[in-house]
């Protein structure tokens, strides 16, 4: 289910905290289903690079959310505007390779929008994203929890951004979290 603000472009004004709570609740549900069905959960944290330099921040964010929403096609996909310049997306049953490919698809789709940000009074550049993502298959008696994968996604998003942005950062989930 694609949650809240993502169902229609006109609905982007929904309260961000409600949207975040819904996505985190969905993550908890997917976590338990992944344990039961021995499948995976993927968390993507997407940061809009050089956000402060974008003139029309809200409009830009809406376009990015709408474009990512168009890539989603499964009932268990959840997307929300996580904070000013970040978007969270969760899904299930992706392999590590599929998650990496999906992150690359997200980046390519945003580049295809042709959104621009002002660098100075005479120059502009295309808007890019930094993406941190984690795919993990939880076990019944696991010592790794939801907060571990969320913090790993945050860390990888920060690493992608610090490395210059416009990139995806992740590691194979079994070595990251254990």
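Where a number appears in this text, it was derived from the coordinates with a stated rule and is not lab data. Values in this document were obtained by computation on a predicted structure and should not be read as measured data. Neighbour counts are summed over all protein chains in view; Cβ atoms, including those assigned to glycine, are modelled from backbone coordinates with ideal geometry.
Ranked by the mean number of other Cβ atoms within 10 Å per residue, highest first, peptides 133-139, 34-40, 46-52, 152-158 order as 133-139, 152-158, 46-52, 34-40. Across all C-alpha atoms in the stretch 45-95, the radius of gyration and Dmax reach 12.0, 38 Å. Roughly what % of Cα-Cα distances in the stretch 16-158 sit above 25 Å, to the whole percent? Looking at the stretch 16-158, the distances longer than 25 Å represent 28 percent of pairs. Ranked by how many other Cβ atoms sit within 10 Å of their own Cβ, fewest first, the residues 89, 102 fall in the order 102, 89.
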